[in-house]
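Working notes, structure below.
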Amino acid sequence: MRNTTVALKSIGCRTNQEEMASLSAALRAEGYSLVKNSSSADIIIINTCSVTGHTESKTKRLIKSLAKNSSGAKIMVTGCLAQQVPEELIRTRGVCWVVGNAYKKDIPAILNNKNGGLHHSALTREKTPVALFNNYPLTPNGEWRTRFPVKIQEGCDFRCSYCIVPVLRGPSRSVSRSDIIKTCEMSFKAGYKEIVLTGTHIGQYAQGKKYGLIDLMDDILAVGQDFRLRLSSLDPRDCSDELLRRIENNKQICKHIHINAQSFSPEVLKGMSREYEEYDLLIRRLISFHQRCPNAGIGGDFIVGFPGETESMFESTLKTVEQVGFNYGHVFRYSKRPGTTAACMDNQVSEKEKTGRSNRLRKCLGAMRHEFIDKQLDTAIHTIVVEQENPITGITSNYIRVEIPRAHAGRNSWQNVILKKYLPEKNRCEAVLYTKEK
């Protein structure tokens, strides 16, 4: 397939984006040429999302648009929507291949069948391995990314009443410790300075009954010194004292957590089948972490307008978000998903009310973001890994994107910076390089 050009498109979660990043390296190793412009591609691969009705509609519009505007390209659809409605997608104009999540790891081989086809099966713990691509980390200078995602598990064993992900991603399956360490070692040798542990629910990572996420983190950190480790999304139940202390005290672990909170109303959490036996303890634990690490990035995912959510229940979430000290977040309006318990619940909240609550929570998080960054202007020294050389761009350990106008530094190098001005419309900071006074 040498000289065949491929464009990659991804909608939805961070896991989707990171899967595409790994797939790009695997395709290059097979002789494909990756292009950004889909109009010049021979093949377009779309990694889809079906977590909400909005993303599902957005995905279908994207497929139709690409088929219309890239008439010479063959389209492959993979991901969660491909797992949910494969027969519908294979009948869509322009779609040549439909690859469910069970076969995602086989995409490079599937592309060799130029006639296309449908590749789909149910996901099981015993027969469905984690959808991993053989990682061939190029040097960061040969890739668009400088943060290397390492997928450690896939699927989820929880059954939240609103969530279709366990159906589309399957039960939790973990990658072997040896394979993860090998991938990390490869990325270090290639020159990457930040590793991101990813998966559907990384807190469910396990090798046997006694080896979990914290043990894996310790083993990865033992491999070397010239890198930092970042965790992707965590369930609140994953935020143990031990994990939070690791993040607080280990200089190699990014001072950043992102929590799939969804709600802080006990009544709503009960309806979501997300009851926490030690709910009050969890809140106190997060508040304590924020007090000990006031500059730590604390982000969250939130759902507003879940069936039965009253104004007082929403206010409970709003109040706790402020108490904990969240400084950014992603807010979703509840969306019925076929086959979930919540889709059949009474007391559905009106779209108008969902929109109003969504706007209020976003406004609250925006104000907290502004306050969080303002307190760090001209004071704290942050370290970034340079993603773009001129002007310099990068992300701090505590998840602030920065840009340094009129400055130049080598890509993938460590640089210390001081934040100077927050640009809320871009959600980034202007900064200057820190030069230690002699």
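Brief remarks follow.
- Residue among Asp280, Asp238 that alone is without any contact (Cβ under 8 Å) to a residue 60 or more places away in the chain, acidic (Asp, Glu) and over 19 Å from Cys160 (Cβ atoms): Asp280
- Some residue of segment 299-312 being under 29 Å from Glu194 (Cα atoms), of a type in the set (D, E, K, R) and loosely packed, with under 15 Cβ neighbours inside 10 Å: no
- Condition met for Glu315 (surrounded by 13 or more Cβ atoms within 10 Å (Cβ to Cβ) and at pLDDT below 95): no
- Among the candidates Gln262, Gln252, the residue that is of a type in the set (S, T, N, Q), in contact with an Asp or Glu (Cβ under 8 Å, 6 or more places away or on another chain) and in contact (Cβ under 8 Å) with a residue 12 or more places away in the chain is uniquely Gln262.
- Within segment 166-182, the residues that satisfy the criterion of being surrounded by fewer than 23 Cβ atoms within 10 Å (Cβ to Cβ) and more than 18 Å from Gly212 (Cβ to Cβ) are Pro166, Val167, Lys182.
- Residue check, Gly339 small (Gly, Ala, Ser) and in contact with a Phe, Trp or Tyr (Cβ under 9 Å, 6 or more places away or on another chain): no
- When residues of segment 207-220 are limited to those that are at pLDDT 95 or above and either outside any helix (DSSP H, G or I) or assigned by TED's automatic domain parsing to the domain that holds Ala25 (or both), the one farthest from Pro236 (Cα to Cα): Tyr211
- Filtered by the rule that a residue be more than 18 Å from Thr128 (Cα to Cα) and part of a helix (DSSP H, G or I), segment 82-107 gives Glu87, Glu88, Leu89, Ile90.
- Pairs, first on the phi > 0 side of the Ramachandran plot and not assigned by TED's automatic domain parsing to the domain that holds Phe326 in segment 395-415, second crowded, with 21+ Cβ neighbours inside 10 Å and of a type in the set (Asp, Glu), C-beta under 9 Å, six or more apart: none
- Top-ranked residue in segment 401-438 [being among the hydrophobic types (A, V, I, L, M, F, W, C) and under 18 Å from Arg145 (Cβ atoms); ranked as surrounded by the fewest Cβ atoms within 10 Å (Cβ to Cβ)]: Trp414
- Ala131 being modelled with pLDDT under 80 and among the aliphatic types (A, V, I, L, M): yes
- Listed conditions (1) basic (Lys, Arg); (2) free of Cβ contacts under 8 Å to residues at least 12 places away in the same chain; (3) in the same structural domain as Gln348 (by TED's automatic domain parsing) are all met by Arg245, apart from (3).
- Identification of strands (runs of 3 or more DSSP E) wholly contained in segment 358-415 with 1 or more residues that are hydrophobic (A, V, I, L, M, F, W, C), more than 24 Å from Gln323 (Cβ to Cβ) and in contact with a Gly (Cβ under 8 Å, 6 or more places away or on another chain) yields 381-385, 401-404.
- Selection within segment 6-62 - touching a Leu at 6+ places or on another chain (Cβ under 8 Å) and part of a strand (DSSP E or B): Val6, Ala7, Leu8, Lys9, Leu34, Ile43, Ile44, Ile45, Ile46, Asn47, Thr48
The values are calculated or read from the model by the stated rules, or taken from the named source; none is laboratory data. Since we're looking at a predicted model, the values are computed, not measured. No Cβ is skipped: glycine too gets one built from the backbone with ideal geometry, and neighbour counts run over all protein chains shown.
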